[in-house]
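Just below is one structure, and these are the notes that go with it.
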Amino acid sequence: MADSYGRDSPIAAFATVPGKSALTLIRCSGKGALECMAGVFSAGKKLLQTEGNTVIHGWITSSGERIDEVLVSVFRAPKSYTGEDSLDICCHGGTAAGKAVLHTLKSGGFKDALPGEFTFRAFMNGKIDLTRSESVMELVSAKTDRSRGHAVNRLSGVLEREISEIKKNLVEVLSGAEIFLDYSEDEISADPDEAAGRLPDQNKAKETLARLKRLAETWQTEKIYQEGVLAVIAGRPNAGKSSLFNLLLKEERSIVTEIPGTTRDWIEAWISVDGIPVRLADTAGLRESNDTVERIGVQRSRGLLEEAELVIYLLDGEAGISTEDTAFIEERRAAKPGLLVLWNKADTAAPPQAEVGGNTLIAISAKTGEGVTALTRAIAAAITAQADTADSGEPCASLGSGAAIGSSRQKNLVDTAAAALEEALRLADEEEPLDLIAPLLREAVNALGGITGEVSTADILEEMFSRFCVGK
């Protein structure tokens, strides 16, 4: 029978990637973990007697053979990450040492951990809720320091507290409605509004709906910090695209020559722009060519431009603006948002004062670095502007440094809660009976419970945690 989430048997996995490093960390947890470890540890008796939050020195052994000298950090239930008896084994770095230790642990009774199983056990044992569980993987995957900060914010419980407060308000509204449903009409207050079945605490319900909608709006920005955006540098041959790519990357990645068509295929790298992860791509110059390889490169570049959230189009300041430049700018501007037009080689050719295709020119020199600060500010502003208007076409309300949604799963549940509450308020305004309104309020409460994990199913949990890396 295949291993599955929900078991409590002792498990082990690398918490660091084996390789050329000073140390490797192996994490163990589960019922009987200390006993299994004692069987392959030179200081086994001492291990079984030691208190939690203690570090012990010794050797991993197998059939009397010493495998590696290690430090073992002991954590006793429930004061551990998973809420179970747990161990962190710090062994020597390198591929061979870590693999030998893990092989010995499995021969001593440990099983391979499933992806995310340590965090799954922490959730099941009440150590963290689902919002904090998801933030663990966010933190591991963070591409910039600001992305890390947003993940840490959720890991510290900011989102959990916001959801709990919203849910508490909704429960109060639901409770008020159910009180009226539990009594006959002649037992209810003589107030004509109440007798008509109006929703008690209707103002609180409206305030809660507004709070849910503000929370839902935070996902567009958070998604950018988690996943990043694709920004493609485009332009005619010899406009300076590869020089700009190297300048923004701060290293020589693209080959730069004065020969038009040097770049035959696109090349990409991750950069951080004002804390936003940007997948920057340098593409082949856009032109018709009889060269088969260059023509394929141009076709691939055009395909990448279709996917791009932001296009950084370079004009060759020395060559001037061509009809091809104007046609591309106008076509892109009409088809998709997210376009910056740069006048390159501003150190030798001053830009014109007029706009090009409705876009204000940003003057830069990819050779000297002139204008690069203004460019990075413009890139960040263009990306955040798209996020702000993604849902409604209007700037989003901001929660500042407070709670923000951290996954599409959370966003869908917040939207479900908001939709149910909005429908409940509509029925209340039409003075419909409370027995039609109360189920909608319960639906909203359950959706919020799904965000933190109070309401969940085994299938949903397994699908979610299976996306984690092994060892977390």
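The values are calculated or read from the model by the stated rules, or taken from the named source; none is laboratory data. Keep in mind that what you see is a predicted model, and the values were worked out from it rather than measured. When we count neighbours, we look across all protein chains shown, and the Cβ atoms used for this are built from the backbone with ideal geometry, even at glycine.
Of the residues contained in the range 322-341, none is found to be under 15 Å from S243 (Cβ atoms), crowded, with 18+ Cβ neighbours inside 10 Å and either out of contact with any Phe, Trp or Tyr (no Cβ under 8 Å at 6 or more places or on another chain) or at pLDDT below 85 (or both).
In the range 378-472, counting only helices (runs of 4 or more DSSP H) that sit wholly within it, the ones holding 1 or more residues that are modelled with pLDDT of 90 or more span 408-429, 434-452. Examine the range 247-264 for a residue that is part of a loop (DSSP other than H, G, I, E, B), touching a strand residue (DSSP E or B) at 6+ places or on another chain (Cβ under 7 Å) and at pLDDT 80 or above, and state whether such a residue exists. Within the range 247-264 (the criterion being part of a loop (DSSP other than H, G, I, E, B), touching a strand residue (DSSP E or B) at 6+ places or on another chain (Cβ under 7 Å) and at pLDDT 80 or above), the answer is no, since none of the residues qualifies.
I'd like the full set of residues that are surrounded by fewer than 18 Cβ atoms within 10 Å (Cβ to Cβ) and of a type in the set (K, R), limited to the range 160-179. Listed by number, the residues that qualify are R161, K168. Each residue in the range 127-144 was checked for being under 11 Å from Q226 (Cα atoms) and not aliphatic (A, V, I, L, M), and 5 of them qualify.
Within the range 346-380, if we keep just the residues that are in contact (Cβ under 8 Å) with a residue 60 or more places away in the chain and either farther than 18 Å from A231 by Cβ or among the acidic types (D, E) (or both), the residue that is surrounded by the most Cβ atoms within 10 Å (Cβ to Cβ) turns out to be K367.
Residues are listed down the side, and each one gets a yes or a no for (1) touching a Leu at 6+ places or on another chain (Cβ under 9 Å); (2) surrounded by fewer than 20 Cβ atoms within 10 Å (Cβ to Cβ); (3) under 16 Å from G109 (Cα atoms):
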position	(1), (2), (3)
A12	yes, no, yes
A43	no, yes, no
K46	no, yes, no
G64	no, yes, no
V74	yes, no, no
A77	no, yes, no
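Scanning the range 48-62 for residues that are touching a residue at least 24 places away in the same chain (Cβ under 8 Å) and exposed (fewer than 14 other Cβ atoms within 10 Å of the Cβ) yields E51, N53.
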